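We did not get these values from a lab; they are worked out from the coordinates using the rules stated. Everything numeric in this text was worked out from a predicted model, so none of it was measured. Here the Cβ is made from the backbone with ideal geometry for all residues, glycine too, and neighbour counts use every protein chain on show.
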Amino acid sequence: MKAIISDMDGVIYRGKQLIPGANEFVQRLLSEKVPFLFLTNNAEQTPLDLKLKLEYLGIRGVTEENFITSAMATAMFLRQQKERATVFVVGGGGLINELYNIGFSISESHPDYVVVSKTGNFSFETLKKAVRLIDAGAKFIGTNPDMIDPVEGGNEPAAGTLLAAISAATGKKPYIVGKPNALMMTLATRKLGVHPEDAVMVGDRMDTDIVGGMEAGMTTALVLSGVTTRDMIDNFPYKPSFVFDHVGQIDPAAL
Ligand SMILES: [Mg+2]
């Protein structure tokens with residue numbers, strides 16, 4: 001049986017709404033003892049926040065060990081680059097928490113890095129600070145490339161939009177860690193202890209989940225419960241191994 005690496009937003013829930021079939025899917029993974037991980041570009045929340053969110057939606061039995069966020073991946077990447085460093089963070093608690101966990105400190109004066117994720121506290125002042133620090137030589141890092149997140153009532157600007165603003169003002173491109181970067185896929189298979197060919201990437205986005213899984217050598221399963229509709233699939237030069245309306249239709253043993 002293959003291991004499952006699953007996206008969350010658009011797969012398990014949409015905003016604060018549980019997607020039909022998602023609880024059954026997770027319960028099936030647990031009862032059939034399928035090794036699984038949630039791999040999310042969400043950098044705002046910690047694994048504990050995400051576990052509590054799932055419980056709030058009625059999904060029980062998942063532990064903090066079942067998550068890898070782009071904030072965790074960014075922290076692990078930075079830790080490989082440098083043992084100790086200072087960071088100016090444009091982002092929220094999830095990211096700051098992971099950076100503290102690896103022993104980095106947060107500073108606005110001559111930081112080694114400017115790390116950017118989605119945050120509701122993005123102002124002109126923050127933008128100006130980030131731009132000046134990067135102009136002064138701080139390295140420019142993004143947790144994930146997503147331009148927008150679909151939530152109830154419409155779209156919401158995400159990390160990619162903030163990165164684009166900083167990019168426009170500095171003329172510099174960020175190094176972006178989240179999906180589809182192979183770093184995320186490698187962290188996930190390593191944590192599960194499986195080879196990529198023994199893993200299935202489940203997600204709702206062609207340009208992050210499916211392309212990332214495909215390039216890592218995984219089986220891929222697109223679900224149509226998020227941002228992708230069936231007629232959009234042909235607009236991409238690659239296709240998923242499987243397409244499902246929602247995760248409730250997935251039989252892990254059949255992938
Ligand atoms: Mg998604």
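Just rank L48, L183, L57, L162, fewest to most, by other beta-carbon atoms within 10 angstrom.
On the way: L48 13, L183 19, L57 16, L162 23.
Ascending Cβ contact count within 10 Å gives the list L48, L57, L183, L162.
Where does the range 209-255 land on Rg(C-alpha)/(2.2 N^0.38 Å)?
Details: Rg = 10.6 Å, N = 47, 2.2 N^0.38 = 9.5 Å.
With N residues counted in the range 209-255, Rg over 2.2 N^0.38 Å equals 1.11.
Only bridges with both residues in the chain count here: give the DSSP antiparallel percent, nearest 5.
Antiparallel bridges make up about 15 percent of those DSSP assigns within the chain.
Taking the C-alpha atoms of the chain, how large are the radius of gyration and the largest Cα-Cα span, Dmax, in Å?
Every Cα atom of the chain included, Rg and Dmax give 18.0, 54 Å.
Treat the count of other C-beta atoms within 10 Å as a stand-in for reagent exposure and order K16, K191 from fewest to most.
By the 10 Å Cβ count, ascending: K16, K191.
Quick check on the range 71-176: take the gyration tensor over C-alpha atoms, sort the square-rooted eigenvalues as a ≥ b ≥ c, and tell me if it's rounded (a/c under 1.5), prolate or oblate. Let's see the in-between values first.
On the way: a/c = 1.82, a/b = 1.29, b/c = 1.42.
Cα axes put the range 71-176 in the oblate bin.
With point charges of +1 on the Cβ of Lys and Arg and -1 on the Cβ of Asp and Glu, referenced to the Cα centre of the chain, which listed residue (Y238, A75, G61) lies farthest in the positive direction of the dipole?
The one lying farthest along the dipole's positive direction is A75.
If you keep only loop residues by DSSP, which GluC sites (Glu not before Pro) in the range 46-85 have at most 12 other Cβ atoms within 10 Å of their Cβ?
On the way: sites: E55, E64, E65, E83; in loops: E83.
Those that pass, being in a loop and sparsely packed, are E83.
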